[in-house]
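Worksheet: one structure, shown below.
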């Protein structure tokens, strides 16, 4: 699948890229903030967006809302260390396809990607 990675942490983007490449997915772009993420989504139209929830400036929820506005069928996976039932409900209600908890393994990422495929 063609993917955009959005995370303000360089190491997390590197790990996601490595895992995705090992799993034979194509990383179209990486973004470290919401504005760059929306620009990349608009230009590249990936099959999946892997999106960090907690970022400075625009949050993952802000980016999710804008992506869903641009493409209501967009597949967005929220990546977060936050584990709260109320937040999960909000994330899914706003249109996320899945939630991936940090820290995660390559196998967990693979399972989520297969779910979307």
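Details
- For segment 93-117, a residue qualifies if it is part of a loop (DSSP other than H, G, I, E, B) and either in contact (Cβ under 8 Å) with a residue 40 or more places away in the chain or closer than 24 Å to residue 70 by Cβ (or both), and the qualifying residues are 94, 95, 96, 97, 102, 117.
- Every condition in (1) surrounded by fewer than 18 Cβ atoms within 10 Å (Cβ to Cβ); (2) touching a strand residue (DSSP E or B) at 6+ places or on another chain (Cβ under 9 Å); (3) in a helix (DSSP H, G or I); (4) at pLDDT 95 or above holds for residue 8 except the one numbered (3).
- Residues satisfying the stated conditions in segment 18-44, i.e. part of a helix (DSSP H, G or I) and surrounded by fewer than 16 Cβ atoms within 10 Å (Cβ to Cβ): 18, 21, 22, 35, 39, 42, 43, 44
- Checked against (1) exposed (fewer than 13 other Cβ atoms within 10 Å of the Cβ); (2) touching a strand residue (DSSP E or B) at 6+ places or on another chain (Cβ under 9 Å); (3) in contact (Cβ under 8 Å) with a residue 40 or more places away in the chain, residue 56 passes all but a single condition, namely (2).
- Qualifying residues in segment 88-107 (those that are over 20 Å from residue 17 (Cα atoms) and touching a helix residue (DSSP H, G or I) at 6+ places or on another chain (Cβ under 9 Å)) - the one surrounded by the most Cβ atoms within 10 Å (Cβ to Cβ): 96
- Taken across segment 45-52, residues that are closer than 19 Å to residue 27 by Cα, in a helix (DSSP H, G or I), modelled with pLDDT of 95 or more and within 14 Å of the chain's Cα centre (by Cα) do not occur at all.
- Residue within segment 71-85 that is part of a loop (DSSP other than H, G, I, E, B), farther than 22 Å from residue 111 by Cα and at pLDDT 95 or above present: yes
The values are calculated or read from the model by the stated rules, or taken from the named source; none is laboratory data. Quick caveat, the model's predicted, so the values are computed rather than measured. Cβ atoms come from the backbone with ideal geometry, glycine included; neighbour counts cover every protein chain shown.
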